[in-house]
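The values are calculated or read from the model by the stated rules, or taken from the named source; none is laboratory data. Quick caveat, the model's predicted, so the values are computed rather than measured. Counting neighbours? That spans all protein chains shown, and the Cβs are built from the backbone with ideal geometry, glycine included.
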Amino acid sequence: MFHTAVCDLLGIRVPILQGAMQGGGGVDLVAAVSNAGGLGVLPTFGGPDRKLREDIAAVRERTSRPFGVNIMPMGRGITERCVATCIELGVPVVTTGRADPGADAVHKLKAAGIKVVSVIPTVEHARRMEAEGVDAVVASGTEAGGHVGTIATMPLVPMVVDAVKIPVLAAGGIGDARGFLAAFALGAQGIQMGTRFMATVESDLNAWGRQRLLEMRETDTLVTRSMTGATVRCIRTPEIAAYEEALTRHAPEAEVTELMRAVRASRNEEKAMRRQSAAGQVAGLIRDVPTVADLIDGILAEAARLAERMPGMARS
Ligand SMILES: Cc1cc2nc3c(=O)[nH]c(=O)nc-3n(C[C@H](O)[C@H](O)[C@H](O)COP(=O)(O)O)c2cc1C
């Protein structure tokens with residue numbers, strides 16, 4: 001019922017991508033999503049080439065379905081190395097996050113027969129990536145976990161749909177069948193979810209992280225530059241809240257710098273309550289920790305049921 005051009009393009013059964021999540025989802029999550037009919041995507045985030053090769057091999061041991069590798073543009077050398085490894089190992093799909101990896105990277109991947117899907121935060125980015133030759137774009141709103149722009153998913157998706165000819169997927173704030181269906185109503189041909197996939201049996205999250213997601217309200221995330229320098233939506237921690245509060249009251253630079261150091265120092269702290277993680281506003285909607293297969297099957301079944309009750313709802 002929800003088979004779209006995105007399914008044909010990527011060789012998947014259901015138009016659901018698992019957004020790459022540094023620290024949120026490794027090989028088990030990626031393989032589980034692909035085995036459930038969607039597309040699992042490995043994060044790389046500038047990590048060592050050896051790790052990427054090991055991860056790709058581990059995913060292939062767990063699934064024979066298509067999967068993706070995410071390239072975060074973190075420097076030309078890192079991007080080139082990642083592109084070369086994806087080509088050498090015949091990765092089926094590459095997604096790009098946060099910014100343009102460069103036309104050269106896109107051309108090389110495409111020439112090797114790899115499908116390229118770019119996550120974009122504005123209409124302008126969507127047009128640029130289409131001009132570079134990517135196969136599809138994920139219009140990701142400011143509600144999303146991880147690096148974000150300022151435009152919300154609800155206006156962004158239809159604007160991008162109107163602006164480009166390639167398929168558009170929606171991301172940012174989607175966590176159940178209602179969001180899945182809404183994406184179709186906005187003109188998208190599929191969705192990408194991150195935060196919702198963190199609350200699954202197969203994710204990389206520790207017990208505290210899972211519990212935190214279950215307890216979070218819609219107001220428990222914020223956007224901060226204190227983690228990486230770019231705007232990241234993450235779980236509100238005392239350190240990040242203090243940094244943002246200092247910025248709001250125009251505190252002296254030395255104080256702001258000190259608070260940023262505290263945020264970065266707390267990143268790897270083992271003390272559970274202080275652990276940093278990106279997360280999206282949809283965390284407030286999460287009430288259970290299912291297996292990936294149950295999550296995806298449940299969304300599809302519920303979406304079909306809801307669509308029945310919506311006269312005139314376009315079926316794809
Ligand atoms: C913990 C976490 C880590 C993420 N890491 C990456 C990443 O490495 N690369 C990337 O392109 N996007 C990353 N994202 C964004 C997701 O791939 C996805 O686009 C986003 O989570 C979708 O919005 P949602 O959280 O509302 O579902 C991350 C998101 C989260 C929550």
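Remarks
- Answer residue from the range 201-259, given it is of a type in the set (Asp, Glu) and in contact with an Asp or Glu (Cβ under 9 Å, 6 or more places away or on another chain) and is nearest to Ala279 (Cα to Cα) among those: Asp204
- Matching residues in the range 87-118 - criterion: being over 20 Å from Arg53 (Cα atoms), out of contact with any helix residue (DSSP H, G or I) (no Cβ under 7 Å at 6 or more places or on another chain) and acidic (Asp, Glu): Asp104
- Residue among Ala242, Ala230 that alone is out of contact with any Pro (no Cβ under 6 Å at 6 or more places or on another chain), within 12 Å of the ligand (Cβ to nearest atom) and touching a residue at least 12 places away in the same chain (Cβ under 8 Å): Ala230
- Boolean, Leu29 is of a type in the set (A, V, I, L, M, F, W, C) and under 23 Å from Gly113 (Cβ atoms): no
- Qualifying residue in the range 245-255 (condition: in contact (Cβ under 8 Å) with a residue 24 or more places away in the chain and closer than 26 Å to Gly149 by Cβ): no
- Within the range 134-152, tally of residues that are among the polar types (S, T, N, Q) and near the ligand (Cβ under 8 Å from one of its atoms): 1
- None of Ser64, Ser34 is under 18 Å from Leu169 (Cα atoms) and either at pLDDT 95 or above or not assigned by TED's automatic domain parsing to the domain that holds Arg128 (or both) except Ser34.
- Single residue of the range 156-184 satisfying the filter (assigned to a helix (DSSP H, G or I) and within 14 Å of the ligand (Cβ to nearest atom)) that is surrounded by the fewest Cβ atoms within 10 Å (Cβ to Cβ): Arg178
- Long-range neighbours under 8 Å by Cβ, at least six apart or interchain, first residue of a type in the set (Ser, Thr, Tyr) within the range 182-203, second away from the ligand (no atom under 13 Å from the Cβ) and not in a helix (DSSP H, G or I): Thr200/Val289; Thr200/Pro290; Thr200/Thr291
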